[in-house]
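Shown next, in structure tokens, is the structure this report addresses.
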Amino acid sequence: MGQERVLPGEGELIQHFVDETMARMRTQYPEGSEVRRDAHPKTHGMVKARFEVADGLPAELRHGIFAAPKAYDALVRFSASGTEISADTVQQAHGMAVKVLGVEGPKALADERDATTQDFVMINYPTFLSRTVADYEAFHSARVGGLAQTEIFLKMNLPVLRAIEGLNGSPMWNPLQSRYWSQTPYRLGDRAMKFSARPVVTPVKPADIRKGPEYLRQAMVKQVGAEEVVFEFLVQLQADPVKTPVEDALTEWKETDAPFVRVATLRIPKQDLSSGEDLKVAENLSFTPWHALEEQRPLGGINRARKVAYEAISKYRHERNGVPRVEP
């Protein structure tokens, strides 16, 4: 329970994946062009928010940022996945990344030990698309090999295919009206947790959606320009090492085994995004699961891979774009 297990050769696999990714990015963004994120390069919008930790939480949840009731300022970026910016009509996964500001305490990244931010990175689907680093590196290599190799890989790995179909096919008509999940586990005291952000108001799909290249941003700008938007921030604790594993990011932690409990409220006040200034600010920020308090650091192989990949890509992107890489 709550324990990681690093398999032999994992570090080499992670470095191979990172090297392939960096090679692709150098080709995708030649000298003189603006370098975007490797994953989730398109921002639907970024909003100012308040992250309000609940009072009266049970002792097993009172760790890290949840240790005491407190309200924090936050920035929240909503994004589309993929490696290239595409029209909102393209089926793909979507992300929600919360950067909580003013979080004191030692952080998990050694070179940002004294930073005062904590990120919660989520996707609108409850699981990742691979179990382990080895599985993900194999899938990534197949994708690099082209469509034919990718199709062969997916035919031999049906759980991965189903996860991809779930990720790409999850309903999305407004980024502010979707639920998001951490997909991977994190430490919470001496236990493991996953987290989720769920809209307080039950989303109702409009009868008529005019889908255009930017319809998701348009829906978001319209809603937050008219009213406050509220999400419940939920946590589920690991209940069983098999049913709720740490080193298997493809297995969903079923709510029947590990129920979600509200630990905070995320309030997004009414605000005007029509100028597009939020998109510029978002582009210069970095979000990573490893912007976290040590007692809430990421767990599992996929998160260990993210640590190396996110840092390498963020440094490269900011250096190429001539933008300082600092936390707000």
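The values are calculated or read from the model by the stated rules, or taken from the named source; none is laboratory data. What you see is a predicted model, and the numbers here were worked out from it, not measured in a lab. Counting neighbours? That spans all protein chains shown, and the Cβs are built from the backbone with ideal geometry, glycine included. Areas reflect the complete protein model, heavy atoms only, side chains present, ligands, DNA and RNA absent. Shrake-Rupley method; radii C 1.70, N 1.55, O 1.52, S 1.80 Å.
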Can you give me the solvent accessible area of Trp181 with a 1.4 Å probe, rounded to the nearest 10 Å²? 50
Where does each of Asp240, Asp278, Asp190 land when they are ordered by accessible area, with a 1.4 Å probe and the largest first? Asp190, Asp240, Asp278
Using 17 Å as the cut-off for backbone N distance, which residues of the range 117-137 belong to the label zone defined by a point 7 Å from the Cα of Ala23 along Cα→Cβ? 137
In a Gaussian network model of the chain with springs linking alpha carbons closer than 10 Å, the residue among Ser79, Ser33, Ser178 that fluctuates most is Ser33
With a Förster radius of 30 Å, plug the Cβ-Cβ distance of Glu214 and Asp240 into 1/(1 + (r/R0)^6) and report the FRET value to the nearest 0.05. 0.10
If you roll a 1.4 angstrom probe over the protein chains with everything in place, what fraction of the accessible area of the chain belongs to carbon and sulfur, to the nearest %? 54
Compute the accessible area per residue over the chain, keeping the other protein chains in place, probe 1.4 Å, unit Å². 46
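Using only helices, what value at 222 nm comes out for the chain when you add -39,500 (n - 2.57) per DSSP H run of length 4 or more and divide by the total residues, to the nearest 500 deg cm²/dmol? It would help to have the intermediate numbers written out before the result.
Working: 7 runs with 91 residues, N = 328.
About -9000 deg cm²/dmol.
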Lys/Arg Cβ at +1, Asp/Glu Cβ at -1, dipole of the range 47-150 taken about the Cα centre: which of Met96, Thr117, Gln149 is farthest positive-ward? Met96
Mind grabbing the accessible area of Asp208 for me, 1.4 Å probe, Å², rounded to tens? 110
If each of Thr150 and Asp272 carries a label point 7 Å out from its Cα toward its Cβ, how far apart are those two points in nm? 4.2
Candidate residues Tyr125, Tyr72: accessible-area rank, largest first, probe 1.4 Å: Tyr125, Tyr72
